[in-house]
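A.B. asks: First, the structure itself, so that you have it in front of you.
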Amino acid sequence: MGNRRRVVERRKTKPAVVGGMIAVVVVGAGFGAYALYGGGAAADDGTGSTSASADHKHVKTGPLSAAEVDTAAHGFLTAWQQGKVPQAAAVTSDVNAATALLTGYTKDAHITGVTLTEGTRTGDKVPFSVKGTVSYKGTSKPLAYRSSLTVVRNKATGKPQVDWHSAVVHPDLKDGDTLVTGESGTPPVKAYDRDGGELTTAKYPSLGPVLDGLREKYGKIAGGKAGVELRVVRGKESGKAKLSDKTLLALSEGTPGKVKTTLSPTLEAAAEQQVAGKPRSSVVVMRPSTGEILAVANNSHGFNVAFQGSLAPGSTMKVVTSTMLFEKDLVHPNDSHPCPKTYKLAGWTFHNDAGSEIKKGTFKLSFGASCNNAFIDFSPKLSNSDLTREAQQVYGLGLNNWAIGVPSFDGSVPVQSGAQMGASLIGQGGVRMNPLNMASVSSTVAAGSFHQPYLVSPSVDNRTLAKAARTMSSTTQAELKDVMSYTARYGTAAKAMAGLGSGCGAKTGSAEVDGQEKPNGWFTAYCGDLAASGVVQAGGHGGDTAGPIVAALLRMGG
C-alpha cells in the first residue's frame, strides 16, 4: 500500500500474497483475523520477525512496520465503509466504544453512502478523508471532512490495532461524545456586539466556542425556532470540561434568536489580530467599573483557553498574595525586605529567576522585579488556608459560581500545606487560572472591589452575578496600585507598558510546566477603566510574550 493515496473499495476477490504479505485486506464477509494478520500460527510481515504463536508464548513486540500500519488502517477503514461495524470495532483498542459510536454513526447521525479515502501515512498515523450524505425526514445534505487514526501494537497479542478515540470518527468528538441528526433541541442564535454588529466566526475566527456557548445558554429564550442539524452531543467528560454541543451541518437552518453581548467590535477585532501572530496565545479585556467583557480571543480556535483554561498563573498570582500580606499587616510596599537567592521550605529549595537576589531593597522592589523568595519567605507566618480565603473573599475566585453567559472556569486556589503552599504564593503548586480570571484580578485592583465579569447582561435572563464576601480597604487598594504602577514603569512590565501613562499598573508572570522547555508567559494589567490579561503557552517570560498583546489593547482605550 505504501504512501499512495487510494479509495477504500469493496473487493470480492481473495487476497493476493506478494512477498509473504497480504496485499488486499477485505475478503467480503470473510473479513477477520486472517485477512488482517495473514492467519496461521505465525505470519511473516516482511521484517523477518514473527507474530504470536498459537499458544501465545511468543508475543511480537517492537515498533510497527509500515506494512502492519497500512494493513490495520486499511482493514478498519474498509470495514467501516462497508458498514461492517463488528469487524471494524474488532481491530480497535476499545471494541465496545468503537461499536457504539460506529453504530450511532448510521443509526443516530443518519450518515450514509460513506466513502473513506486514505492519505499519506506518517509513521504510525494515517490521515483519511470522509465523504457521505446526511439524510433526515426527506432532507439530505452532503458531508465532507478529514480525520486520522493511529495504529498501535496490542501488548497482549502483539498485533497492530487502531488506537481508539472518538476523534477517529470525527475530529470534533471527545471520548464519550456522540453524533446525532435531528431537530435541534436548541434553536440557533445570532449574537451581536455592544454596538449592534453581528458576531460571526468569519469576522472573528476565535469566537466559535463563545457562539456555541451562547446558543446553548440562550437558544431557547432568545425567540428562535429550532432547525434540523447534525451535531456533536457532549458526553460526561466533555460536560465536566464545560464544552458545549456543536453543530457540524445544518440541514435546515431554523430561525435564529438574537443575543446582545458586551463585546466591543474595535477591541475584539484588535484582540483577534494580536493573538493571530503568537501561537497558543489568549487574551481577555474587561471594564473594571462594571465587569463587562469587552474582548476575548484565542490563537487556537478550538478550546476556549481564555475563559476555560486551567493553567498555573505564575507570578501574576503575586497580586493576590500581596493583597493578603498587606491586609495581614505583614509587609507594606516601602518596607525593607530582602529577597534571598534560595529559600528552603519543607524539603524544597526555591530559586529566583536566573538565580537573582535582592540583598537590600523594599518589598515594592521585589514585587517589581518579581523576586520569588520575597513572597515564599512569608510561609511560616501564614496558615494553609490564608491564600485560599483571600482569593475567594476579595477576588471571587475558586467558588465555581460565576455566571458570565457562556461556560467558564472560575479559577482554583486549593488549600495546601508545606512546600506546595509556598509554591501557591507565587502562582505555582495547585493554583489554576485563565486570562479571564487574571483580568478580573487586575480589574478588582483598579475598581477597588470585585465585579463578576460577564459577556451577556444579567437582565437578559435574570441570572444572579457572583459577589465577593468583602471588599479590600482603600489603603490596601492604594498599596496594590503603588506596587503595580511601579512594575509598569520600572519593573518587569516596563518594556511592554512603555508610554501608557501613570494611571496604569501591571504584573508579569512565568509559570513553569513539567516537560515544557519554556514557561507559560503571563501578563495582567489595568489602565483607567480597562483591565486585561493574556497568556502565551510555552512562550517564555510574560513581559516579552503576553505583555505586548495586553499593552496593545490597553493603548486603544475605550
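A.B. asks: Quick check: anything in the range 298-311 under 24 Å from LEU387 (Cα atoms), surrounded by fewer than 17 Cβ atoms within 10 Å (Cβ to Cβ) and in contact with a Lys or Arg (Cβ under 8 Å, 6 or more places away or on another chain)?
C.D. replies: Checked the range 298-311: at least one residue is under 24 Å from LEU387 (Cα atoms), surrounded by fewer than 17 Cβ atoms within 10 Å (Cβ to Cβ) and in contact with a Lys or Arg (Cβ under 8 Å, 6 or more places away or on another chain).
A.B. asks: If you scan the range 503-529, which residues turn out to be within 14 Å of MET484 (Cβ to Cβ) and of a type in the set (A, V, I, L, M)?
C.D. replies: Hits for the range 503-529 are ALA506, ALA525.
A.B. asks: Which members of the range 352-377 meet the condition of being surrounded by fewer than 14 Cβ atoms within 10 Å (Cβ to Cβ) and not in a loop (DSSP other than H, G, I, E, B)?
C.D. replies: Hits for the range 352-377 are ALA354, GLY355.
A.B. asks: Name the residue that is surrounded by the most Cβ atoms within 10 Å (Cβ to Cβ), counting only residues in the range 241-277 that are among the small types (Gly, Ala, Ser) and touching a Leu at 6+ places or on another chain (Cβ under 7 Å).
C.D. replies: Across the range 241-277, the extreme among qualifying residues is ALA271.
A.B. asks: I've got another one for you. Scanning for something crowded, with 24+ Cβ neighbours inside 10 Å and outside the structural domain of GLY219 (by TED's automatic domain parsing), does the range 461-469 turn up at least one residue?
C.D. replies: no
A.B. asks: ARG389 passes all but one of (1) of a type in the set (Lys, Arg); (2) out of contact with any helix residue (DSSP H, G or I) (no Cβ under 9 Å at 6 or more places or on another chain); (3) more than 30 Å from TYR218 (Cβ to Cβ); which number fails?
C.D. replies: It is condition (2) that ARG389 fails.
A.B. asks: Write out, first by first residue and then by second, each pair whose Cβ atoms fall under 8 Å of each other, whose residues are 6+ apart or on separate chains, and whose first residue, in the range 484-507, is on the phi > 0 side of the Ramachandran plot while the second is surrounded by fewer than 24 Cβ atoms within 10 Å (Cβ to Cβ).
C.D. replies: GLY499/ARG555
A.B. asks: Also, quick follow-up: Considering only the range 494-518, how many residues are touching a helix residue (DSSP H, G or I) at 6+ places or on another chain (Cβ under 7 Å) and under 23 Å from PHE350 (Cβ atoms)?
C.D. replies: Number of matching residues: 5.
A.B. asks: Any chance the range 251-258 includes a residue that's among the hydroxyl-bearing types (Ser, Thr, Tyr) and under 30 Å from THR545 (Cα atoms)?
C.D. replies: No, because not a single residue in the range 251-258 is among the hydroxyl-bearing types (Ser, Thr, Tyr) and under 30 Å from THR545 (Cα atoms).
A.B. asks: Identify the single condition in (1) more than 26 Å from the chain's Cα centre (by Cα); (2) closer than 18 Å to TYR136 by Cα; (3) modelled with pLDDT of 90 or more that LYS258 does not satisfy, given that it satisfies every other one.
C.D. replies: (2)
A.B. asks: If you don't mind, there's one more thing I want to ask. Could you check THR200 against (1) within 26 Å of the chain's Cα centre (by Cα); (2) surrounded by 15 or more Cβ atoms within 10 Å (Cβ to Cβ) and say which number it fails?
C.D. replies: The one condition THR200 does not meet is (2).
A.B. asks: Take ALA419 and decide whether it is surrounded by fewer than 24 Cβ atoms within 10 Å (Cβ to Cβ), at pLDDT 95 or above, closer than 30 Å to LEU211 by Cα and not hydroxyl-bearing (Ser, Thr, Tyr).
C.D. replies: no
A.B. asks: Residues of the range 335-355 being in contact with a strand residue (DSSP E or B) (Cβ under 8 Å, 6 or more places away or on another chain) and touching a residue at least 12 places away in the same chain (Cβ under 8 Å), which ones?
C.D. replies: Across the range 335-355, the qualifying residues are ASP335, SER336, HIS337, PRO338, CYS339, LYS341, THR342, TYR343, PHE350, HIS351, ASN352, ASP353.
A.B. asks: Could you list, in sequence order, the residues of the range 151-178 that are hydroxyl-bearing (Ser, Thr, Tyr) and buried (at least 18 other Cβ atoms within 10 Å of the Cβ)?
C.D. replies: Within the range 151-178, SER166, THR178 meet the criteria.
The values are calculated or read from the model by the stated rules, or taken from the named source; none is laboratory data. Everything numeric here is computed off the predicted structure, so don't read it as measured data. Please note: Cβ atoms are built from the backbone with ideal geometry, for glycine as well, and neighbour counts cover all protein chains shown.
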